[in-house]
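Worksheet for the structure shown next.
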């Protein structure tokens, strides 16, 4: 379904809204749609901005806006149908509405700005304790509170075993659920995000390593004449991006401290480039001496993995020209950029820009090294 070819056929946008259970919007709302921009980024909250045309006698101005149809915390679901197959682009909540009034006919607009459903997890600060629960078990307990919003879970057990010992320490949460989920993810080299779909009203909360294995999306072609699917791709190599973490642990009985060896990040970040970028910076991690060995090792592994991507790319594509929807948080190949920068990349972010008759995507890519590991880019 996700790899359904777009070709040059029409792409239909469908809007759902409601206080908790989103339903298809009235026809007058669909007809007034001017544009939609949706941004999805690995490890970050997705955001959106939707603009509507406000006419003096339209249903939005006369009834829906005064009745609170577009008030903050209203749920919004956006799907794009390719050949009749709906792909959920967004499941989120309105946080702001803005009306721009103009003397010019057709220039008065309503703009809705919002974020994905992880906003629900960032509205209330709390203090909680988690005796004898490993990080992944704490994540499972927190996410269980949001099942009423159709949020399923996909939780990957931490790479380094961290057996909880209540007699030694009890882990506490101070802050919002989202802050703690991100804190646990960063401490293990993981990422946390909500992936909308596969059907309207459902989404999946993912807590685990970035998905750098599996099937590739259809490759991005550049500098290939009529076979090009993107107009331009820009690549950068930041030599100061990668860090070498320095972590020390202390034996609680002897008080002797030792420096941990450098972790192997390949379990979290399978290499996408043949020539890995070296770590030019050293970063001393504070507070690791007071932690258990497993926690210190996990933090060092996480810091080494999350700073590894020294290679980045950015570009824009026309969905109809490319023929497929580019999906964030998955792998994609690049052709035509030369030996150094061809090959597989992780899609770090995608911004969907939709207008009547137009569907553009801005994207960013990343990987840890130069030169493709394979001489062939597929598909």
Inset, instruction - Of the conditions (1) farther than 19 Å from residue 355 by Cα; (2) in contact (Cβ under 8 Å) with a residue 24 or more places away in the chain, residue 62 clears all except one; give me its number. - result: (2)
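Rundown of residues vs (1) surrounded by 12 or more Cβ atoms within 10 Å (Cβ to Cβ); (2) out of contact with any helix residue (DSSP H, G or I) (no Cβ under 7 Å at 6 or more places or on another chain); (3) in a loop (DSSP other than H, G, I, E, B), yes/no style:
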{"residue": "269", "(1), (2), (3)": "yes, no, yes"}
{"residue": "274", "(1), (2), (3)": "yes, yes, no"}
{"residue": "278", "(1), (2), (3)": "no, yes, yes"}
{"residue": "286", "(1), (2), (3)": "no, yes, yes"}
{"residue": "289", "(1), (2), (3)": "yes, yes, no"}
Legend entry - Tally, over the range 70-105, of residues that are outside any strand (DSSP E or B) and either crowded, with 18+ Cβ neighbours inside 10 Å or touching a helix residue (DSSP H, G or I) at 6+ places or on another chain (Cβ under 7 Å) (or both): 2
Inset, instruction - Identify the single condition in (1) in a loop (DSSP other than H, G, I, E, B); (2) crowded, with 19+ Cβ neighbours inside 10 Å; (3) in contact with a strand residue (DSSP E or B) (Cβ under 7 Å, 6 or more places away or on another chain) that residue 308 does not satisfy, given that it satisfies every other one. - result: (3)
Legend entry - Residue list for the range 345-379, filter: part of a strand (DSSP E or B) and over 17 Å from residue 218 (Cα atoms): 351, 352, 353, 354, 355, 358, 359, 367, 369, 370, 371
Inset, instruction - Looking only at the range 159-171, decide whether some residue is at pLDDT below 95, assigned by TED's automatic domain parsing to the domain that holds residue 204 and touching a strand residue (DSSP E or B) at 6+ places or on another chain (Cβ under 7 Å). - result: yes
Inset, instruction - Test residue 328 against the criterion of being under 21 Å from residue 37 (Cβ atoms), part of a loop (DSSP other than H, G, I, E, B) and not assigned by TED's automatic domain parsing to the domain that holds residue 156, and give yes or no. - result: yes
Legend entry - Those residues of the range 111-137 which are buried (at least 19 other Cβ atoms within 10 Å of the Cβ), at pLDDT 95 or above and not in a strand (DSSP E or B), in sequence order: 117, 118, 119, 120, 121
Legend entry - All positions within the range 195-210 that are within 11 Å of the chain's Cα centre (by Cα) and assigned to a loop (DSSP other than H, G, I, E, B): 210
Inset, instruction - Just need a number here: residues in the range 138-162 that are in a strand (DSSP E or B) and either buried (at least 19 other Cβ atoms within 10 Å of the Cβ) or touching a helix residue (DSSP H, G or I) at 6+ places or on another chain (Cβ under 7 Å) (or both). - result: 3
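Residue-by-condition table, conditions (1) surrounded by 22 or more Cβ atoms within 10 Å (Cβ to Cβ); (2) at pLDDT below 95; (3) outside the structural domain of residue 132 (by TED's automatic domain parsing); (4) in contact with a strand residue (DSSP E or B) (Cβ under 9 Å, 6 or more places away or on another chain):
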| position | (1), (2), (3), (4) |
| --- | --- |
| 292 | no, yes, yes, yes |
| 296 | yes, yes, yes, yes |
| 302 | yes, yes, yes, yes |
| 320 | no, yes, yes, yes |
| 333 | no, no, yes, yes |
| 349 | no, no, yes, yes |
| 365 | yes, no, yes, yes |
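The values are calculated or read from the model by the stated rules, or taken from the named source; none is laboratory data. These numbers were taken from a predicted model, which means no experiment stands behind them. So basically every Cβ, Gly included, is an ideal-geometry build from the backbone, and we count neighbours across all protein chains shown.
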